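Novice: So that we are looking at the same thing, I have put the structure below in structure tokens.
The values are calculated or read from the model by the stated rules, or taken from the named source; none is laboratory data. These numbers come from a predicted model, not from an experiment. Note: ideal-geometry Cβ built from the backbone for every residue, glycine included; neighbour counts use all protein chains shown.
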Amino acid sequence: MKKLALIIGMGAALAGAVYLAFGGTTAEVGRIMLQPTDGQTVALGQDVYATNCASCHGADLEGAPNWRSPDADGRMPAPPHDANGHTWHHDGDTLFRLTKYGVAAYIGDPDYASNMPIYDGLLLDAEIIAVISYIKSTWPQEIRDRHDEMENTQ
């Protein structure tokens, strides 16, 4: 009887962890609230971006050349995060989960190969949110407004 209770408890804990990690929200922060108008958050995000993201996504968020076509290794190059890219087509929760847990986890395909690092354990949640907030702060107002509308309908 004790063994059965232990197995059920462990199963429930595992199911809860999977839901929190890949469900609609994150366990650490709930619904992601970007802060593109908060100076401190944006400054932190800019610093973290420069250290961790710019080498692939570009110092000016311009992305890798030919980012829409696979590289020689068959992997997609880093997309731009400026207004020319597709980052603003995704809500904050999606961007957070992609960054923290990786593309393979997000799409549910453990075999998906990506050059994008998984930042879980490398960056704090607040740093990931700051990076995404910094990126959003650079978009033209029209795109920020469209992103806000999308976020508000979630």
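Novice: Which numbered condition trips up Pro110, out of (1) without any contact (Cβ under 8 Å) to a residue 40 or more places away in the chain; (2) part of a helix (DSSP H, G or I); (3) under 24 Å from Pro77 (Cα atoms)?
Specialist: Failed condition: (2).
Novice: Looking only at segment 82-97, decide whether some residue is modelled with pLDDT of 95 or more and over 11 Å from the mean Cα position of the chain (by Cα).
Specialist: yes
Novice: Name the single residue, out of those in segment 46-88 being without any contact (Cβ under 8 Å) to a residue 40 or more places away in the chain and assigned to a helix (DSSP H, G or I), that is farthest from Met33 (Cα to Cα).
Specialist: Among them, the one singled out is Ser55.
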